[in-house]
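A quick write-up on the structure given underneath.
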Amino acid sequence: MTRMPDDLALIDAEALTLTGNHPLRLDGTPRFLRVTEGHLSVFAVRLDAAGRSGGSRLHLATIGEGEAVCGWPQRGVGVGLFAVAVGLVRAVSLDRDRLDPAAAAGLDPVLAAFGAARDPADVPTEALLLQPGEVRRFDHPQPVVGHRVAWAVVEGDEVPHLLTPRSWHRVAANRSVRGLSTAEILARHGWGPLDAVCADALPWLAAEMGLGALDARERIGLRGDRDRAAVDGAVRDAAGLLSGLSTVETVVPDEAAAAALHRVARDLGIALRPVTDAEGDGDLLAVAQRHARASGFRCRVVTLPDGWWRRDPPSFVGWRADTRAPCAVLRRGPGRFEAVEADGRRHAVTAPYAAGLARDGIALYRPLPARPLSPRDILTAAFTGSGRDVGVAVLLTVTMVLLGLLTPVATGILVNEAVPFAETLGIVHMALGLAAIAVGGAMFALVRSLLLLRFEGRADAQLQAAIWDRLLRLPATFFRRFHTGDLLMRALAPTQLRRVVADTLLSAGLSGVFSLVNFALMLTYDARLAVAALGVALVATLLLTATGLVQLRYERRSVERSAETSSALLDLLTALPTIRVNGAEDRLFARWLHLFSAQRREGYRVGLAGAAFAVLNALAPLLATLVFFLIIASAAKPVAVGDFVAFNAAFGQFLGSALQVVTALTASLDAAPILKRMRPILDATPETTDDKPEVAPLQGAVAVTGLTFRYGDGPPVLNDVSLTADPGSFVAVVGPSGSGKSTLFRLLLGFETPERGTVSFDGQSLADVDPASVRRQLGVVLQRGALLPGSILENILGSAPLGIDDAWEAARMAGLEEDVRAMPMGMHTLLSDGAATLSGGQRQRLMIARAIVRHPRVLLLDEATSALDNRTQAIVADSLARLNATRIVIAHRLSTVVQADRICVMERGRIVQSGSYRDLMDQDGPFRALASRQLLEDKRA
């Protein structure tokens, strides 16, 4: 090990030249060092008992030109502070007690590192920014945080508190707080507060450098606890096998919610992956949502209706009403449920047990695979969980087939033996038997229909949830390819495919078996008539198949015309105000009427083909009977009356089943156009795939590096664009229309994929992480953003687990509070589709409130205040400035960006200027020209 010299304490000269092979010890030497050329890196280094370095070191800050580092009188125990020159560094050194307080601003980078080290807790999302020179008062406890470096002095507490982007202080209720700069702190309080920051940071730095080993020991200990619990549970399980007693699982208390979730997911066929995010255990919904994000399924809270345990809902996660202990409620059959407690105890769900459960639960929805899909994947999603119902339906159908054979046999016996000899008792017995067969067949048919209805309802619910989940996971570029109405028809196509295939499998397959069995029975009565019947059936089959194909062709056209008509109608209704403004009602009505007429024309042709099909279906039995009479009349050997009656009954069932097979197989051909329409949804790959991890909680750093993008084969819309936004900074992007601002915005959101370059958040490329996990942490206002039908409260909160107080706070910060309070129903005022009852400015402020209600660390605003007056814009700007959030704003009005830390000017897809408002106005360039034109337009207005 080498001993690092205390060079800084030995320096008496003002000017210094430093090199990287002579590190400077900072703690224990009260000197001030200001860099005039080059860069210094400041490290915390582990020391042994003799004060020698040799352990790990932690980088704290890089000090550039004009910035400074200071020696501290305290010596750290087990850790030292060293400055290392990066190349050749020139600096000025002097005793810190002789320092002019105005020069203390250069210490802010090191103070920011100390503040983050001594206050490692995450900054609360509700924290507000406190800038030097501000005085604020809060009527409730409020955390405050610094943009870069600031000091908070609270009323009644004269001890200054350091604020940085990663260190904060909670101000008590009904207290005022003043923000001061480092220079003001040094002038008023001397070096005491700064020394205290260093003294507090050193133990935290020592702990942080030893954290890796500590975490490893904790993980080993936790793993040991879990292993011992698993062994204990396995031993008890084995003992249960020998004793016949029920066993109780050992579950770590913190894992009770996850255990219930795993049981339900396993029952529903959902594969769970380990949760890798850093969040701790929360309530049951939070645990379910974390697992849903990690494993790619969806979940939501559902309300349980009265008597739910007697119905047929799928398995779900519930909890006890008194203790809130989670449990897995598993479906074991129609109207039968089993509840599994966290420790493994099982209970049959009866009315008393159900009364002890909460009236709500968490439902899980099985997703489709995150890859291009095949029709088999769709059918698997539809049939999952319905195997028993389908199997019982098939068994009942086979039973009905066997019962159907008894009818012609019994009829033949009745006519041949009972009627000729007037056996009244036999006739009564036979009639009762036939009635029992009919009643039994009807009951079997009823049960089979109920089973199939239940299967269809479950399959449609599972399939539609999976399809809409997939649509929500597809990239934004997918939706540009289709009109809304057309996409809606394509989204419903999988359900249509399920119906076609299910009907074909059940109807064609089972009817085919029924037809063959009856044909075999016909052969036992008269082979000649059976062969003739087969010929008639073949001819009828060919004619009906030809008619069905013609009808199918018209049906395909009708479906296409219906999709075009629905899409056009939805577009007309959506754009109705614009249509009226332009006086285009007649032209667009004529366009819709043309499409509607084409649809009705194809529908008429479908009806004609269907009528021909029905006529042939009705004539087939009559023609077959005529053929039978001709054969019998020309035959040398007569046919017994009873045998003919039985043969004719069997033939009726045979022909009916054969025609059902033809009808089902013809209808199954409709699967091809349905599959063609749904193919784009199946082939598209979701943007969220299994190999993309979730992003950690954002701190606010945004970087765009070398971004190049073009739409299709067109020219580049963005060309080598780069910009950065530090946590808490305000970056504005301005430029003329068509310069690429909105495209850059879409790339920041991950709606487009760049040709070259990267978009990163906190150093993580958006291409390497789950983009949805990034968007969940952003506050976004789009230029053409829309509001949802519902109340103002629902529009502000969305799906956030927040309350009405949070909504009022967001409305106040967006300058909307007075407007909402003036409405008769306040936050519960209902908005129609399009929110026509609100002005343009109110809609914008409502979208801003929605964006900031979660207190996101990054705000992306695209022309978010273009419809606001100057007073309201000032309120919104002041509120956003107080948020602890990075703001990237695209704006046309330059008054919006005056306070920006940096303004990026775009022209023709490039950033041609960058700087503060004052710097850019002092330069002769595009920004000053843009500002001059806007000022001239404002004067003319």
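The values are calculated or read from the model by the stated rules, or taken from the named source; none is laboratory data. Here the structure is a predicted model, which means the values were calculated and not measured. Neighbour counts are summed over all protein chains in view; Cβ atoms, including those assigned to glycine, are modelled from backbone coordinates with ideal geometry.
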Output the qualifying pairs, or none if there are none: Cβ atoms under 8 angstrom, residues six or more apart or on different chains, first residue in segment 325-348 and of a type in the set (Asp, Glu), second residue surrounded by fewer than 19 Cβ atoms within 10 Å (Cβ to Cβ) and part of a strand (DSSP E or B). Glu338/Arg332; Glu338/Arg346; Glu338/His347; Glu338/Ala348; Glu341/His347
Step by step: first the residues of segment 336-386, then only those that are among the aromatic types (Phe, Trp, Tyr) and part of a helix (DSSP H, G or I), then the one that is surrounded by the fewest Cβ atoms within 10 Å (Cβ to Cβ). Which residue is that? Tyr353
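Scan the strands (runs of 3 or more DSSP E) fully inside segment 39-111 and keep the ones with 3 or more residues being in the same structural domain as Leu194 (by TED's automatic domain parsing) and modelled with pLDDT under 80. Lay out the reasoning, then the answer.
Working: elements: 53-63, 68-70, 79-95.
Qualifying strands (runs of 3 or more DSSP E): 53-63, 79-95.
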Filter segment 466-486 down to residues that are surrounded by 19 or more Cβ atoms within 10 Å (Cβ to Cβ) and either modelled with pLDDT of 80 or more or not in a helix (DSSP H, G or I) (or both), then give me how many there are. 4
Can you find a residue that is part of a helix (DSSP H, G or I), at pLDDT 80 or above, assigned by TED's automatic domain parsing to the domain that holds Arg346 and over 22 Å from the mean Cα position of the chain (by Cα) anywhere in segment 297-309? yes
Flagged in segment 712-763 as free of Cβ contacts under 8 Å to residues at least 40 places away in the same chain and of a type in the set (D, E, K, R), in numbering order, are Asp713
The one condition in (1) within 28 Å of Val177 (Cα to Cα); (2) free of Cβ contacts under 8 Å to residues at least 40 places away in the same chain that His855 fails to fulfil: (2)
Just a yes or no: is a residue in segment 649-669 in the same structural domain as Ala563 (by TED's automatic domain parsing), within 30 Å of Leu487 (Cβ to Cβ) and surrounded by fewer than 18 Cβ atoms within 10 Å (Cβ to Cβ)? yes
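If we keep just the residues of segment 764-779 that are in contact (Cβ under 8 Å) with a residue 40 or more places away in the chain and assigned to a helix (DSSP H, G or I), which is surrounded by the fewest Cβ atoms within 10 Å (Cβ to Cβ)? Can you show your working first?
First pass over segment 764-779, keeping only residues in contact (Cβ under 8 Å) with a residue 40 or more places away in the chain: 764, 768-774, 777-779.
Among the residues that remain, those that are also assigned to a helix (DSSP H, G or I) are: 768, 771-774.
On the way: Asp768: 12, Pro771: 19, Ala772: 17, Ser773: 19, Val774: 21.
For segment 764-779, the residue satisfying everything is Asp768.
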Quick one: how many residues across segment 867-893 are among the aliphatic types (A, V, I, L, M), surrounded by fewer than 20 Cβ atoms within 10 Å (Cβ to Cβ) and touching a strand residue (DSSP E or B) at 6+ places or on another chain (Cβ under 9 Å)? 1
Please work out which one of (1) crowded, with 17+ Cβ neighbours inside 10 Å; (2) over 30 Å from Pro715 (Cβ atoms); (3) without any contact (Cβ under 8 Å) to a residue 60 or more places away in the chain is the condition Gly798 fails and give its number. (1)
If a residue has to be at pLDDT 75 or above and surrounded by 13 or more Cβ atoms within 10 Å (Cβ to Cβ) to count, how many in segment 1-16 make the cut? 1
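So is Leu782 at pLDDT below 90, surrounded by 17 or more Cβ atoms within 10 Å (Cβ to Cβ) and either farther than 24 Å from Ala877 by Cα or not assigned by TED's automatic domain parsing to the domain that holds Leu723 (or both) or not? Please lay out each step first, then the result.
On the way: at pLDDT below 90: yes; surrounded by 17 or more Cβ atoms within 10 Å (Cβ to Cβ): yes; either farther than 24 Å from Ala877 by Cα or not assigned by TED's automatic domain parsing to the domain that holds Leu723 (or both): yes.
It is true that Leu782 is at pLDDT below 90, surrounded by 17 or more Cβ atoms within 10 Å (Cβ to Cβ) and either farther than 24 Å from Ala877 by Cα or not assigned by TED's automatic domain parsing to the domain that holds Leu723 (or both).
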I need the full set of residues from segment 493-503 which are crowded, with 17+ Cβ neighbours inside 10 Å and either modelled with pLDDT of 80 or more or of a type in the set (D, E, K, R) (or both), in order please. Arg498, Arg499
